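Peer 1: Submitted below is the structure of interest, expressed as structure tokens.
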Amino acid sequence: MPKMLHHVTLILLPVVAAFAILPTVYSNHLLLFNFMIFIMLAQGVNVIYGFTGYLPFGYVGFFGAGAYGFSLMVIHLQASPLVALAAGAAAAVVLGLTLTPLFRLSGAYFSIANLAAALAVFQVVSNPNLESLTKGPYGISLSGVFDPTFAYGATLAILGATLGLVIYLRNSRFGMALQAIREDSISAGMAGINVVRERIIAWLLSALIAGLAGSVFAWYVSVFYPETVFSGEFTIFAIVFALFGGNGTVIGPILGVVILYGIYNAVGISTPQYFQLIYGALIMLLVLFLPNGLVSLLRQWGINVP
Amino acid sequence: MLVYSLLAGLLFGLYFSLIGLGLNLVFGVMRIVNLAHGDFLMLGAFLAFWLFTLISLNPIPAIFIVFVVFAIVGLPLYYLLVPRLLRAKDPEMLSFILFFGLSQVIEALATIAFGTSERSIPGGELGRAIVAVASLLTGHHVENGPVDIFGQTFPAAWVASGIASGIAVLLVYVYLYRTRLGYLTRAVMVHREEAIATGINVHRVSAIAFGIGLGLASVAGVFAPFMLGSITPAMGVEVTVTSFTVIVIGSLGKPLGTLLGGIIYGVSYMFMQSYYSSWANLLPYVLLVAILLVRPSGLLGRQVRRA
């Protein structure tokens, strides 16, 4: 337990405090907001990929489900933002539950099926035939609940909770059990771990994080198209950030987002092809030369990584 | 309508088999997922396009040039990426990310080189080639134009693409089952470690399979302007997902199952287009998830993997 407290004071509190203070000195709030969203998504990928070894290639499906759960609640039932937030989270968890049969698949099969599932949800949501329900491809506008300050605060709270969850996983029996399943699911089962249940809990927690992130995203930007919230870039960025920093740790994904997303924004987005090129090359180099992320370098230098 | 959908589905099915075949060969031999498959198809399409625009080479002879070029590109690419990848802890998963990176690099370079505008080759060009072949075979002149099969009229380009795809699938079958190298390739597919133990040069066999895989993808690209519509640098991802659907239906890691997968996919695609066109885009994804859940090993698969 003292170790967990240690992590909370050294990682969770400084990160949350930074994002609470920065808006007063830095005027581009949208950028800060995006940083928080990506830290959440990278940690969400970390929960399922880092701790259980299942690569969710359709992770954005939960993000989009959250965004649409939130929006439809506001549009059709005129719900208050916090109620809608719960609805968005519930939408993502329900989608996660529907996809639990995918765990019958292993390795690449799981990833491909997850990707296909996310694309299927996107096709349904953006289908013109469902315009009366989802506004189809024409996008969502939530001017009624637009309140960037409140939304930013809610995001900060969710970010804190996400980090708390990952710190818990890193230091608890449950997290150990997940890692044991990742290394060898049969041995883990023999050691008395309920493999199926624990894995599904991790999966639903991961979906919950993305669903909450999607909900606050919808709330904060308030105008968006289905392509925006189902964009594969969210999945890719989250995976690359987590991978770059180091999966299965608390600090890795945070480092990944701060460094890579920081560079991404510092250089500017004038010609997208060059970014795509640099990103693609970076991903390849990472996999070939640093498959365990930045934290593996730190570990080599004898630094204990939380 | 029914006969039309069925026949068009068969033609497209043969073509979809060709699309999936290279990907399945690579997965079967190396157990890695080539997420850049669709991008090699796109590059093949562009090579055929430039050959046609610059030296007005007909797409049919262009097939051979495209295949050789990409098979040769595949060999160094294999040695550059795969052996290093296979040493990692979880190659199958990491290959996913690695080849995604490659796909991004290819797409970006293609966008920088060719721009984002859509390009196409006139469908009549492919028709001219099969008219020449048909005239030669039957001994008298055949008119260029739509082709009649069982009273249904199809564009000549569809028929030519379908036939050429069928021939390509047949050649892969001959390679795998009638040549010594194909025999070794199948040995590596069945059991990699045992193949190493029996003294097979696994890297050489795999590199050749990788080259053939890329070659097949690029050959499928030659027909892309006729079967998939215009070509753009960004078309790769969608093609990759389609290829996955096709090979998963057939069965992952069994190249000949791809033929079955392609035809099932092609026929159901055409039926969706004819009867429920507004939901047709949903088909590949739903079919993919459904097949994976009901029969993860694919329709022809024997073994069921452990969960």
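FYI, it's all coordinate maths here, none of it is from the lab. A quick note: this is a predicted structure, and the numbers were derived from the prediction, not measured. As a convention, Cβ positions derive from the backbone with ideal geometry for all residues, glycine included, and neighbour counts pool all protein chains shown.
Peer 1: Excluding residues on the same chain fewer than 8 positions from residue B:254, give the aspartates and glutamates whose Cα lies under 19 Å from its Cα.
Peer 2: B:92, B:193, B:194
Peer 1: Separate question: Sorted by mean Cβ packing within 10 Å, highest first, what order do the peptides A:240-252, B:31-43 take? All intermediate terms of the calculation are to be shown ahead of the outcome.
Peer 2: On the way: A:240-252: 25.8, B:31-43: 27.6.
For the peptides A:240-252, B:31-43, the packing ranking is B:31-43, A:240-252.
Peer 1: Here is a follow-up. How far is the Cα center of region A:92-144 from the Cα center of region A:1-53, in Å?
Peer 2: The two parts, judged by their Cα centres, are 26 Å apart.
Peer 1: Using just the helices of chain A, give the 222 nm mean residue ellipticity in deg cm²/dmol: DSSP H runs with n ≥ 4 each add -39,500 (n - 2.57), and the total is spread over all residues, rounded to 500.
Peer 2: Here the helix-only value at 222 nm equals -22500 deg cm²/dmol.
Peer 1: Which helices, taking whole DSSP H runs in chain B, have alpha carbons extending 24 angstrom or more along the helix axis plus mean Kyte-Doolittle at least 0.5? Spell out each step's value before the answer.
Peer 2: Details: long enough: B:2-30 (40 Å, 1.98); B:37-55 (27 Å, 1.64); B:59-86 (37 Å, 2.14); B:91-114 (33 Å, 1.53); B:156-178 (32 Å, 1.50); B:202-227 (37 Å, 1.55); B:257-275 (27 Å, 0.85).
Passing helices, by number: B:2-30, B:37-55, B:59-86, B:91-114, B:156-178, B:202-227, B:257-275.
Peer 1: Something else now. Using the Cβ atoms and a cut-off under 15 Å, what net charge is assigned to the surroundings of residue A:118, where Lys and Arg are +1 and Asp and Glu are -1?
Peer 2: That sum, taken over residues with Cβ under 15 Å, equals -3.
Peer 1: For B:3, B:147, A:25, which order do you get if you count the other beta carbons within 10 Å of each Cβ and list the fewest first?
Peer 2: Details: B:3 11, B:147 19, A:25 6.
So the ranking, lowest neighbour count to highest, is A:25, B:3, B:147.
Peer 1: Within 14 Å, Cβ to Cβ, of residue B:99, how many net charges do the neighbouring residues add up to if Lys/Arg are +1 and Asp/Glu are -1?
Peer 2: After counting each charged neighbour, the total is -1.
Peer 1: Hey, another quick one. When a/c reaches 1.5 or more, the comparison of a/b and b/c decides; with that in mind, is chain B rounded, prolate or oblate per its Cα gyration tensor?
Peer 2: Here chain B falls in the prolate category.
Peer 1: Tell me, what ³J(HN,Hα) does each residue in region A:13-29 have, in order and in whole Hz, if you take phi through Karplus 6.51 cos²θ - 1.76 cosθ + 1.60 with θ = phi - 60° and put x for Gly and Pro?
Peer 2: Taking θ as phi minus 60°, the curve returns 4, x, 5, 5, 4, 4, 6, 7, 8, 3, x, 6, 10, 10, 8, 7, 5 Hz for region A:13-29.
Peer 1: Normalized C-alpha radius of gyration of region A:2-230, against 2.2 N^0.38 Å?
Peer 2: Rg over 2.2 N^0.38 Å, computed on Cα atoms: 1.04.
Peer 1: Could I ask something else about it? Roughly speaking, what is the stretch gain from residue A:157 to residue A:18, that is 0.36 nm per residue apart minus the C-alpha to C-alpha distance, in nm to one decimal?
Peer 2: 48.8 nm
Peer 1: Could you line up B:128, A:199, B:87 from fewest to most neighbouring Cβ atoms inside 10 Å?
Peer 2: Ordered by Cβ neighbours within 10 Å, fewest first: B:87, B:128, A:199.
Peer 1: Which one of A:295, A:258, A:45 has the biggest mean-square fluctuation once chain A is modelled by GNM with Cα springs under 10 Å?
Peer 2: Sorting by GNM fluctuation, first place goes to A:258.
Peer 1: For each of A:3, A:135, count neighbouring Cβ atoms within 10 Å of the residue's Cβ, then give the residues from fewest to most. Each step should come with its number before you reach the end.
Peer 2: Details: A:3 11, A:135 20.
By the 10 Å Cβ count, ascending: A:3, A:135.
Peer 1: Rank-order B:215-224, A:184-193 by packing density, defined as the average count of other C-beta atoms within 10 Å over each peptide's residues, highest first.
Peer 2: On the way: B:215-224: 29.7, A:184-193: 13.5.
In descending order of packing, they fall as B:215-224, A:184-193.
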